[in-house]
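**Q** Have a look at this one.
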Amino acid sequence: MVDALIGISVLLPFIGAILCFLTKNPRGRAAIIVTTGVLLTLSSLLLFQNLHGPYLYTPGSLLGLNVNSLITFADFALLFIILGIAFKLGNPLVILLTLLQIVPLAYFELKMAPHVEVTPAFYIDNLALIMNLIISIVGSLICIFGIRYMEEHEHHLHLKKSRQPRFFFFLVLFLGAMNGLVFSNNLLWLYFFWEVTTFCSFMLIGHDKTEIAIRNATRALWMNMTGGVAFVAAIIFIFYNTQSMEYLSLQALINHGPGLTTALLLPFALLCFAGFTKAAQVPFQSWLCGAMVAPTPVSALLHSSTMVKAGVYLVVRMAPGYQGTFLSTMVATFCAFTFLTASALAVNMSNGKKILAYSTIANLGLIIACAGINTPAAIIAAVLLIIFHAISKGLLFLCVGTIEHAIGSRDIEDMRGLYNTMPAVSRITIVGILTMMLPPFGALMSKWMAIESAAHIPWVVVMVALGSGLTVLFWARWAGLFVSGPHLKVFEAEENQGFFAPIVTIFKGFSAKSKWKDPASIKVPLVTLAVAAIVLSLGVPWLYTSLVDPVLASYKPGLFVKPFETGPMGLTSGVGAFYVLPIFLVSIIGYLAAVIAAKQKDHRVFSAPYMCGEQYPDISQPKFRSHLNSWKDYVAANIYMQEFIGEDKISYWINSIALIILIVLFGEVLR
Amino acid sequence: MNMNDAIAVLAALFLAPLIGGLVAGLDRKVTARLQGRYGPPILQPFYDVLKLFGKEKMIVNYWQIVCAYMYLVANILTVVLLALQSDLLLIFFVLAVGGVFLVIGALAAESPYSQIGAQRELIQMLTYEPLLILVFVGIYLETGSFKISEIIATYHEPLLISLPLLFVVMGYALVIKLKKSPFDIATSHHAHQEIVKGVLTEYSGPYLGIIEISHWFETVFLLGLCALFWHTSFLWMAVLVVATYFGEVLVDNVCARLTWRWMLPHAWTGGLIMSFANYFWIFEKIK
């Protein structure tokens, strides 16, 4: 049963992807995507239900072929495909990086260690299960959202021949590769899935085939290929330094004996470096920002549940392996620096998707920094942040995509007053934003844990503190812009629903009259993710005991100390306490009181904004009386602090400092 | 919930606004004397708020109501959590909720004045939030806990002695949060240096009243944080709180408002240097 579920998680997307590619009928394709998504979701839930503790599994053969040789073969095939693409692009850097993987890998597989068999090939612990749930559920929802989105997207582009089969081939394939990646224990398999995700992201970013799309896709390719080179180097060094194939098993590598720490430090550093490239840590942030040219489902998938999470997953998974070393502190320093600088760059942006991109980079930085801090509480913070970030960020990308199709812009200044025209989507976006930044929601709770556990490394906690101040700034003003605007008459038409008014208002807001017209394939993912973001935050005690704690238990078997106690109120530890339910209840009471106050039909007056008495008579128009009695529009805009932290001004310095930290890291490891 | 907690919650709910209002009244009186005026009666803030509640309910946008209430709720919650002696960082995050809703409320109105006020308020939050986190981290490093109850139970000397520089860092945050010059950038109670009323421009009547009351809670919360620096003796606690607040009023009256372009870099640089110096001090002591 479990073996079959693992097979479904990994292979079904591959089959679904091929079917998507072959089906020319849009409806048929939609049916295949939805079916794959539903089956993946079910299988991940069943896996979660049936697995207690780590599960080891080695698939013997697939259709009569040895899986191990099959993957080795596919690995080289993939590298040669990338080499072919590199020649087609005429990009010497990509050619070089591909050759730097093919040649050492061939030398390793043919000469150094022929016929490597690592058992178990799959090692499924709770972290892998959590990742599987995120990939299968959030990823599937994004794919489903993509059905309608791509229809409109191609409609805007006026394509003669639909390129959707190719698009969904890679989109669905991505899920399978990610599931394979998180289950893999054999590092060579992990490397194969790692390269598949690199390849898929390259194809998806360049999907629109515009000049900028191809340029950014190429950048994503070469940056991730440097990670690939580091990965191959890590595999070879593990074998070379230990002269044993045992440590090509990820689990053995992590639980290595105390005598091997020095020998394995370089491989760990190289694998962390591979994780940094994939998670777009500075100075590799530009590939993820460039990936914004791709259609929104791609951005959503890359940012929330796949690709970048692969890098994060690897570093967090390996955390016990390098605990207490110099590397660990450097990982924390490096990624806290990413958190700070990416948050600063996000403040600088007015493009909604770029804000999300930099915020993703910042959050990934925080997750990896937690892995570097490497205390039980920090690891829990990392795992919780992986979960909550995936949900809220996936949701926000889908929201921006929906808004972009409606208003033709992704600039947040153009989203001013959007609540008046698109109440439902705006409300969901605001929920997404608030779940990223305010208590009692999960993302903030993980930040709380992160700060409390970072407290003993002053420079890390300083960077996290400054960065978290910056995060509040760009989220709060974005949420505020949505509700900006004059009082509109539509709201007046709405009648008081009596006793149920507050409850109705929670769901419908102040504008019950305007209907949400988007199709179900857009509504369902948005609503599901928004509800999940809230409900899971409230269910944090449950989430903690059933999912996150076991992760920790399997990390340090025997030495396991529970860092937090759960209760109906929230989480408490020896040094702190975070009350989820009370804060939520009090907030709800405050909100209800406000709604009741707003619904009262007493002598309320709607006024125009104050304009020193020179306001235009129609209060819904932002105009004032200017010289010669003419009516002039007034406008306000956000402060983006260009003069302090302009992207073009500080990127150079950020990249330089990040490179220096990396050089120090490797210099110390090699010493 | 035991009896003591219940009393603490009730005190936070009912005593805090009274104290906050009185402090505001005293503040106005002292400020007036410093400026050579006679000043209003001590109870004037209460009369003002009562009057505001009798006024017409005038709004630009429904969201202002939601935001005023959420601002109030968040500020009450900070005082309650402080009274229950819970986690300092958690209280800090709840404090941020209040700030965020104040900003959203200001952004909800399209007026350029309140929009500018909102942007400035955000930058003020950006300035003091990291500083407060650094102060709390310093308290943790010194006492070994973020929980106020633990700190009071296990740490038996005044925090001010080991964390003097962090107390100064908190001073920056206090100036901003209490809306005192030179950092009353988002909204000021000195008419001569204000463009309209900044972040509060579009609030009037009862909703402005709610915001005033929230500010009283905020004041009590901030004074409570000051008190934490001398938790061992009631007398010295009172002296410290009164002296700090008087210092704030004095600074308010001798300074003119500065721009955020000055505030942000200077407060961060000064705050960071002092925090690191104080951390270094703590680490040396632990060794």
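No lab work stands behind these numbers, since they all come straight from the coordinates. A quick note: this is a predicted structure, and the numbers were derived from the prediction, not measured. Reconstructed Cβ throughout: ideal geometry from the backbone, glycine too, with neighbour counts over all protein chains shown.
**Q** Would you work out the charge dipole size for segment B:24-144 about its Cα centre, treating the Cβ of every Lys and Arg as +1 and the Cβ of every Asp and Glu as -1, and quote it to the nearest 20 debye?
**A** Working: 8 positive and 8 negative charges, 124 e Å.
For this selection, approximately 600 debye.
**Q** OK, next. Order these by the 10 Å Cβ neighbour count, fewest first: B:Lys287, B:Lys197. Spell out each step's value before the answer.
**A** Values: B:Lys287 5, B:Lys197 20.
Ordered by Cβ neighbours within 10 Å, fewest first: B:Lys287, B:Lys197.
**Q** If you project the alpha carbons of segment A:349-398 onto the principal axes, what extent comes out on each, in Å, largest first?
**A** 37, 19, 8
**Q** Given segment B:68-121 reduced to its alpha-carbon atoms as identical point scatterers, what log10 I(q)/I(0) does the Debye formula return at q = 0.22, 0.27, 0.29 Å⁻¹?
**A** Here the Debye-derived log intensity ratios amount to -0.75, -0.93, -1.00.
**Q** Place a +1 charge on the Cβ of each Lys and Arg in chain B and a -1 charge on the Cβ of each Asp and Glu, then give the dipole magnitude about the Cα centre in debye, rounded to the nearest 20. Spell out each step's value before the answer.
**A** On the way: 17 positive and 19 negative charges, 111 e Å.
It comes to approximately 540 debye.
**Q** Taking 1 over the mean of 1/r across every pair of different Cα atoms in the protein assembly as shown, what Kirkwood radius in Å do you get? If you can, show how the numbers build up before the last one.
**A** Values: mean 1/r = 0.0342 Å⁻¹.
Taking every pair of different Cα atoms in the protein assembly as shown, averaging 1/r and inverting gives 29.2 Å.
**Q** Then there is this: Please arrange B:Lys55, A:Lys88, B:Lys179, A:Lys309 by counting, for each residue, the other beta carbons lying within 10 Å of its beta carbon, fewest first. Walk me through the numbers on the way to the answer.
**A** Working: B:Lys55 13, A:Lys88 8, B:Lys179 23, A:Lys309 30.
Lowest to highest Cβ neighbour count: A:Lys88, B:Lys55, B:Lys179, A:Lys309.
**Q** Under the definition of partner shielding as Cβ atoms of other protein chains within 10 Å of a residue Cβ, what is the mean value for peptide A:452-458? Please report the intermediate quantities before stating the final value.
**A** On the way: counts 9, 0, 1, 9, 4, 0, 10.
Going residue by residue through A:452-458 and averaging, the value is 5.
**Q** In degrees between 0 and 90, to the nearest 10, how far off the longest principal axis of chain A does helix A:326-347 point, with axes built from Cα atoms?
**A** Between helix and principal axis, roughly 30 degrees.
**Q** Here is a follow-up. Lys/Arg Cβ at +1, Asp/Glu Cβ at -1, dipole of the protein assembly as shown taken about the Cα centre: which of A:Phe606, A:Gly290, A:Pro267 is farthest positive-ward?
**A** A:Phe606
**Q** Rounded to the nearest 10 degrees, what's the angle between the helix B:44-53 long axis and the longest principal axis of chain B, both from Cα atoms, 0 to 90?
**A** That works out to roughly 50 degrees.
**Q** Right, another one. Please enumerate, by chain and number, the aspartates and glutamates with C-alpha under 20 Å from the C-alpha of A:Lys160, excluding those fewer than 8 residues away in the same chain.
**A** Partners found: A:Glu151, A:Glu152, A:Asp208, A:Glu211.
**Q** Among A:Glu452, A:Glu151, B:Glu284, B:Glu142, which comes first, second and so on when ranked by fewest other beta-carbon atoms within 10 Å? It would help to have the intermediate numbers written out before the result.
**A** Values: A:Glu452 28, A:Glu151 15, B:Glu284 8, B:Glu142 22.
Neighbour counts put them in this order, fewest first: B:Glu284, A:Glu151, B:Glu142, A:Glu452.
**Q** Then there is this: If we count every other residue with Cβ under 11 angstrom of A:Ile412's Cβ, Lys/Arg +1 and Asp/Glu -1, where does the sum land? Display every interim value, and only then the final one.
**A** Values: positive: A:Lys353, A:Lys354, A:Arg410, A:Arg416, A:Arg477; negative: A:Asp411, A:Glu413, A:Asp414.
The answer is +2.
**Q** Given the convex hull over the Cα atoms of segment A:1-63, what projected area results after averaging over all orientations, in nm²?
**A** Working: hull surface 19.3 nm².
Approximately 4.8 nm², given one-decimal rounding.
**Q** Can you tell me how segment A:85-193 classifies by the Cα gyration tensor, rounded, prolate or oblate, using a/c under 1.5 as the rounded cut?
**A** Numbers: a/c = 3.76, a/b = 1.34, b/c = 2.81.
Cα axes put segment A:85-193 in the oblate bin.
**Q** While we're here: Take peptide A:638-644, look around each residue's Cβ out to 10 angstrom, count Cβ atoms belonging to other protein chains, and average those counts. All intermediate terms of the calculation are to be shown ahead of the outcome.
**A** On the way: counts 5, 8, 1, 5, 0, 1, 3.
Per residue, the number of nearby Cβ atoms from other chains is 3 on average.
**Q** Once you average over the residues of B:138-151, how many Cβ atoms of partner chains fall within 10 Å of each Cβ?
**A** Numbers: counts 3, 1, 7, 4, 0, 1, 2, 5, 9, 6, 0, 1, 4, 0.
Counting Cβ atoms of other protein chains within 10 Å of each residue's Cβ and averaging gives 3.
**Q** Just how large is the dipole of the protein assembly as shown about the Cα centre, in debye to the nearest 20, putting +1 at every Lys and Arg Cβ and -1 at every Asp and Glu Cβ? Write down the numbers at each step before the final one.
**A** Working: 57 positive and 50 negative charges, 310 e Å.
In debye, rounded to 20, the protein assembly as shown gives about 1500.
**Q** Give the average over all directions of the projected area of the C-alpha convex hull of chain B, one decimal, in nm².
**A** Numbers: hull surface 60.3 nm².
Seen from a random direction, the Cα hull of chain B projects 15.1 nm² on average.
**Q** Next question. Before rounding to the nearest 500, sum -39500 (n - 2.57) across all DSSP H runs of length at least 4 in chain A and divide by the residue total; then give [θ] at 222 nm in deg cm²/dmol.
**A** Working: 28 runs with 457 residues, N = 671.
Dividing the helical sum by the residues of chain A leaves -22500 deg cm²/dmol.
**Q** Taking θ as phi - 60°, what are the ³J(HN,Hα) couplings along segment A:425-440 by the Karplus curve (6.51, -1.76, 1.60), each to the nearest whole Hz, with x for Gly and Pro?
**A** 5, 4, 4, 5, 4, 4, 4, x, 5, 5, 5, 7, 10, 10, x, x
**Q** Rounded, prolate or oblate: which fits segment A:249-334 when a ≥ b ≥ c are the square roots of the eigenvalues of the alpha-carbon gyration tensor, with rounded for a/c under 1.5 and prolate only if a/b beats b/c?
**A** Prolate, because a/c is 1.5 or more and a/b exceeds b/c.
**Q** Here's something else I'd like to know. Count of lysine pairs in segment B:3-286 with Cα atoms under 17 Å apart, counting only pairs 8 or more residues apart in sequence or on different chains? Let's see the in-between values first.
**A** Numbers: B:Lys29/B:Lys179; B:Lys29/B:Lys180; B:Lys177/B:Lys197; B:Lys179/B:Lys197; B:Lys180/B:Lys197.
Counting lysine pairs in segment B:3-286 gives 5.
**Q** Here's something else I'd like to know. Which lysines, if any, have their Cα less than 25 Å from the Cα of A:Lys517, not counting same-chain residues under 8 positions apart?
**A** Candidates past the 8-residue exclusion: A:Lys353, A:Lys393, A:Lys489, A:Lys508.
**Q** Provide, in order from the shortest bin, the percent of all Cα-Cα pairs of segment A:47-97 in each 10 Å bin, continuing until the bin that contains the maximum pair distance.
**A** 20, 26, 24, 21, 9, 0
**Q** Sticking with this one: Could you point to the residue in B:Leu159, B:Leu50, B:Trp216 farthest towards the positive end of segment B:3-286's charge dipole, with +1 and -1 charges on the Cβ of Lys/Arg and Asp/Glu respectively?
**A** Going by the charge dipole, the pick is B:Leu50.
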